[in-house]
Structures are given as structure tokens and as C-alpha cells.
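**Student:** Below you will find the structure I want to go over with you.
The values are calculated or read from the model by the stated rules, or taken from the named source; none is laboratory data. Computed from a predicted structure; not experimentally measured. Here the Cβ positions follow ideal geometry from the backbone for every residue, glycine too, while neighbour counts run over all protein chains shown.
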């Protein structure tokens with residue numbers, strides 16, 4: 001077979017599988033969010049549509065598709081339309097460099113479980129940071145183009161939030177890069193083999209990163225851009241129908257992305273709690289790769305649960321408090337973390 | 001009086017200032033909540049258990065002894081009704097109690113479920129039932145006439161029992 005055709009087929013299958021996972025996860029995320037919220041508040045939650053209300057997210061999407069799509073008269077229409085597309089697209093672009101398992105051999109051919117032919121591309125994490133940096137444009141443009149004071153304030157808050165968390169997030173990651181010596185996610189995961197999880201080696205960085213991840217995904221306690229009590233619905237106030245649906249979907253897809261990253265970077269990624277030889281699986285076999293995907297998904301869903309759980313437990317912060325936290329607490333801590341890690345790397349390697 | 005003023009700048013110790021243990025405490029609490037008893041009532045399937053004193057929509061009692069209305073059409077309920085929801089017209093009968101309502105209408109769109117009619121009735125003939133789910137296709141349909149209002153005594157047992165037990169006569 002022509003190698004180009006072969007690569008294209010691989011691409012299409014990988015994209016279908018990974019986007020399938022992400023869409024399902026986003027839909028399930030909506031359902032689990034509502035259920036967990038209900039349980040925490042001593043309610044039952046959605047239970048009418050399908051068994052245990054499992055079809056609720058699909059009913060929601062159907063409703064959003066049927067709804068009238070209203071664009072305010074004074075809005076900047078092209079940008080108003082662009083913003084949700086940008087937000088959602090950036091969320092999915094990130095998956096180009098995220099591997100879900102180690103490589104495996106199929107018919108003697110080496111296949112990587114990431115959309116890019118080799119998820120080892122050595123700028124993996126930088127690419128992700130760049131893309132999540134762009135995702136804030138979606139919110140800012142939405143807030144600006146709606147021509148509504150609440151939307152605008154939501155957008156402003158979102159950019160204020162970006163400059164506060166992005167730096168400390170980068171600082172937390174620098175420590176990881178020092179340890180792995182690579183920006184590639186596969187290298188970072190492979191470094192953690194045998195219970196050398198980064199959460200154990202680098203707990204301070206983990207706390208900084210997970211806090212920044214909460215801010216990055218705009219979830220409570222840092223959901224300032226859409227704070228209902230003071231901003232109606234923040235940046236998406238003027239959106240309706242499927243445009244709102246795209247923001248909504250992007251929020252949950254973002255949460256899933258952040259959870260995947262946390263489980264890959266800090267929670268040992270796809271490594272099983274024991275050596276694969278115990279189950280009689282050779283490294284590089286298809287079954288082992290499938291098992292590794294399962295392990296990543298289990299870790300990810302636990303982190304997702306943590307995100308949801310925290311949302312229904314913690315009160316929202318004011319945005320001066322977030323900036324205070326980002327600049328005066330996490331930035332010095334992140335620098336301290338880099339110094340400590342550098343000393344550790346110097347001594348132990 | 002020994003009330004301490006709340007000092008908003010109370011000295012926090014180090015663990016309290018880094019928030020993380022405090023957040024963990026809060027999250028443990030919400031985690032415990034997830035396994036507690038739920039308070040939701042699955043309304044259309046599971047209905048509330050009502051007490052005898054519940055004030056639903058007013059009905060006329062059909063006496064178990066002779067199968068006729070207990071009402072003697074004295075008009076007290078119509079007089080006392082603050083929302084002017086009741087209209088009564090009397091007629092004579094050959095029965096022992098001599099009077100019976102020829103027309104007895106309650107407009108449920110006006111009724112405020114205050115229960116004054118029940119309180120004032122000398123015969124315990126109009127009581128507030130346990131029916132609280134009403135839908136009407138039109139305004140006219142919301143005006144219930146005598147035949148629609150008459151309800152067998154057995155169905156109203158909890159309320160009649162409550163009146164016997166607790167009513168101030």
C-alpha cells in the first residue's frame with residue numbers, strides 16, 4: 001500500500017477514536033456533573049430520560065439544536081459567530097499531541113496512540129500550552145463582540161485570569177521538564193514507570209498545576225468569567241442555541257483535557273500498577289495498549305470527578321484574590337519548586 | 001451579656017492560612033453528603049402523605065346514613081368566604097332537616113383554601129378534602145356544581161375524624 005494512504009487511514013481512525021472518546025466524555029461529564037451536584041445537595045438528579053437519566057445530555061443537545069439562534073442587533077456578527085467555534089476547535093486541537101497509550105505493533109507496523117504520527121514530537125507540552133493560551137481568546141472575543149456589559153466583564157475577567165494562572169502553570173511544568181528532559185508527553189509518562197509518579201516526586205508542582213488547571217478550565221472555584229450572581233452568565237450571556245451549546249461542550253471537553261493532562265503528567269499516565277508481564281502481555285502488543293488506554297481513562301475520570309466534586313464544595317473566589325494567588329503565592333512557590341527540583345535532579349541523576 | 005464580637009481579622013494559624021486542610025474538610029463533608037438519604041419526592045408517582053388537617057379543595061359531604069347532602073343551605077359558608085367563591089340557594093325538602101341546597105357552586109379559581117367555610121359550618125357538611133391537583137380546560141369548568149362537589153363520607157374520613165377530635169365547638 002502507498003505509505004501516504006496508509007498514514008491517512010491511520011489518521012482518520014485515530015481521529016475517530018480519540019474524538020469519539022472526547023465527545024462521549026463531554027456528554028458523560030454533563031450527566032455526571034448534574035448527578036454529583038444532586039447527590040451532594042441531597043437530591044436525586046436527572047432520572048427521567050433513559051435509564052437513570054443517562055440520555056439526559058443527548059436530550060439537552062437536541063433541545064439546544066432546536067432552539068432559536070439569536071444574535072444581538074448591536075453585536076459584531078462575524079466575531080460573535082467565530083468565538084464559540086474558536087473555543088471548541090482549540091479544545092480539540094490539543095488532542096493532536098496527547099497520547100493515550102504507549103506505541104504498539106500491528107502487522108509489524110509501529111503505531112502511536114496519538115493523532116500526530118509520533119506523539120513524541122518534542123514540543124508536545126509547549127504546543128498544548130500555546131493552544132490553551134489561545135482558548136482564552138474565544139471567551140474574550142465572545143465577551144467583546146456581544147456588546148453587552150456583562151459579557152464584556154466576563155471577557156475581561158477571563159483575560160485577567162489568564163495572566164495570573166498561565167505563568168505559575170508554566171513554572172510547575174518547568175520542574176517536570178527538568179526531570180524528564182523532554183517536552184514530549186510520551187517521555188514524561190515513560191519517566192514515571194514503576195511508581196515514580198510525579199505527584200509523589202513533585203507534590204508542590206502538582207498542587208500548583210491542578211489549581212492552575214481549575215483556573216484554565218474556568219471551573220469553580222475560579223469560574224469568574226461566568227459568575228452567575230454578578231454577571232448573569234458572563235461571556236456567554238448573549239449566546240443561545242447551539243452557539244451556547246458549543247461553549248457548554250467546550251467547558252466539559254476542557255475539563256476532560258485538563259484531567260487527561262493531569263493523569264499523564266502527574267499520575268503516572270498509562271502505567272499499570274504492576275509490570276505488564278504479570279498478565280502475560282508483551283510490551284508493544286495491541287491488548288496491552290488497549291489496557292493502557294483503559295488505565296488512562298480510569299485515572300482521567302477520577303480526576304474529572306475531583307473537578308466536579310470541588311465545584312460543588314468550594315465557593316467562588318473574587319478575581320483580585322485569584323490574581324493575588326497567582327502572582328504572590330504560586331509564582332514564588334513555582335520558582336522555589338524549580339530550584340528544589342533542579343537540586344534534586346543534580347543530586348540523583 | 002457575654003457575646004464575643006466577631007473579629008474578622010482573627011489570627012489564623014499556618015495550616016488555616018494555606019487553605020488546603022480547610023478545603024479538604026469541606027470536601028470531606030460534601031463527599032459524605034453523597035451517601036446520605038435523599039429528600040426528593042418523585043412527585044407524580046409518589047405522593048405526599050397528607051395529614052387529616054390538610055386543606056385541599058372544599059367539597060360537600062354525602063352522609064353515609066341516607067346518601068344525601070348533609071348541607072342545610074344555611075348560607076354561612078357563602079357569608080364567611082373572604083374570596084366570594086361560594087354561592088348557595090336553598091330549597092325545601094320533605095326530609096327531616098327540611099332544607100337542602102338547590103344550587104351550590106364553588107368557584108375554584110376564587111377559592112383561597114382558607115378553610116373558613118369548614119370552620120363555620122354547623123353541620124360539618126362542607127369540608128376541605130385532600131384533593132390538591134386541579135386542572136381546568138376553561139374558566140367555566142372551574143366552577144363546580146352540587147353534584148360534582150358531593151363526596152361520600154368514607155372518602156373524607158381523615159378530615160372528619162380530625163374535626164371530631166380537635167375542632168373547637
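**Student:** Quick check, is residue A:221 surrounded by fewer than 20 Cβ atoms within 10 Å (Cβ to Cβ) and within 14 Å of another protein chain (Cβ to nearest Cβ)? It would help to see each step written out before you state the result.
**Tutor:** On the way: surrounded by fewer than 20 Cβ atoms within 10 Å (Cβ to Cβ): yes; within 14 Å of another protein chain (Cβ to nearest Cβ): yes.
Criteria met by residue A:221.
**Student:** Which of the residues that make up the range B:105-145 are within 22 Å of residue B:54 (Cα to Cα) and part of a helix (DSSP H, G or I)?
**Tutor:** Once the filter is applied, which keeps residues that are within 22 Å of residue B:54 (Cα to Cα) and part of a helix (DSSP H, G or I), the range B:105-145 yields B:116, B:117, B:118, B:119, B:120, B:142.
For every residue, the table says whether it meets (1) at pLDDT 90 or above; (2) more than 21 Å from the chain's Cα centre (by Cα).
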| position | (1), (2) |
| --- | --- |
| A:306 | yes, no |
| A:311 | no, no |
| A:321 | no, yes |
| A:326 | no, no |
| A:336 | yes, yes |
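**Student:** Scan the range B:17-25 and tell me whether some residue there is away from chain A (no Cβ under 14 Å), assigned to a loop (DSSP other than H, G, I, E, B) and free of Cβ contacts under 8 Å to residues at least 24 places away in the same chain.
**Tutor:** Step one: of the range B:17-25, the residues away from chain A (no Cβ under 14 Å) are none.
For the range B:17-25, residues away from chain A (no Cβ under 14 Å), assigned to a loop (DSSP other than H, G, I, E, B) and free of Cβ contacts under 8 Å to residues at least 24 places away in the same chain: absent.
**Student:** Follow-up. Please list, ordered by residue number, the helices (runs of 4 or more DSSP H) wholly in the range A:102-201 having 3 or more residues that are buried (at least 20 other Cβ atoms within 10 Å of the Cβ). Write out each step before concluding.
**Tutor:** Working: elements: A:124-145, A:149-180, A:185-191, A:198-201.
Output list reads A:124-145, A:149-180, A:185-191.
**Student:** Continuing with the same structure: Examine the range A:51-61 for a residue that is within 14 Å of chain B (Cβ to nearest Cβ), surrounded by fewer than 16 Cβ atoms within 10 Å (Cβ to Cβ) and assigned to a helix (DSSP H, G or I), and state whether such a residue exists.
**Tutor:** Keep residues of the range A:51-61 that are within 14 Å of chain B (Cβ to nearest Cβ), which gives A:52-53.
Keeping just the survivors that are surrounded by fewer than 16 Cβ atoms within 10 Å (Cβ to Cβ) gives A:52.
Still in the running and assigned to a helix (DSSP H, G or I): A:52.
Scanning the range A:51-61 turns up at least one residue that is within 14 Å of chain B (Cβ to nearest Cβ), surrounded by fewer than 16 Cβ atoms within 10 Å (Cβ to Cβ) and assigned to a helix (DSSP H, G or I).
**Student:** Still on this structure, I have one more. Please give the number of the condition residue B:15 fails out of (1) farther than 30 Å from residue B:88 by Cα; (2) loosely packed, with under 12 Cβ neighbours inside 10 Å; (3) at pLDDT 85 or above.
**Tutor:** Only one criterion is unmet by residue B:15, namely (3).
**Student:** Across the range A:72-91, which residue is nearest to residue A:127 (Cα to Cα) among those that are in contact (Cβ under 8 Å) with a residue 40 or more places away in the chain and assigned to a loop (DSSP other than H, G, I, E, B)?
**Tutor:** That would be A:76.
**Student:** Which residue out of B:102, B:73 is surrounded by 14 or more Cβ atoms within 10 Å (Cβ to Cβ), away from chain A (no Cβ under 14 Å) and either in a strand (DSSP E or B) or at positive phi (or both)? Before you say what the answer is, go through the steps one by one.
**Tutor:** Details: B:102 fails: surrounded by 14 or more Cβ atoms within 10 Å (Cβ to Cβ).
On inspection, the qualifying residue turns out to be B:73.
**Student:** Further question: Looking at residue A:30, is it surrounded by 14 or more Cβ atoms within 10 Å (Cβ to Cβ), within 14 Å of chain B (Cβ to nearest Cβ) and part of a helix (DSSP H, G or I)? Spell out the reasoning first.
**Tutor:** Working: surrounded by 14 or more Cβ atoms within 10 Å (Cβ to Cβ): yes; within 14 Å of chain B (Cβ to nearest Cβ): no; part of a helix (DSSP H, G or I): yes.
Here the answer is no, as residue A:30 does not meet what is asked.
**Student:** Which one is surrounded by the fewest Cβ atoms within 10 Å (Cβ to Cβ), of the residues in the range B:35-70 that are more than 14 Å from chain A (Cβ to nearest Cβ) and within 25 Å of residue A:44 (Cα to Cα)? Break it down into steps so the answer makes sense when it comes.
**Tutor:** Within the range B:35-70, the subset more than 14 Å from chain A (Cβ to nearest Cβ) is B:47-70.
Restricting the remaining residues to those that are within 25 Å of residue A:44 (Cα to Cα) gives B:47-50.
On the way: B:47: 12, B:48: 10, B:49: 7, B:50: 15.
Going through the qualifying residues, I end up with B:49.
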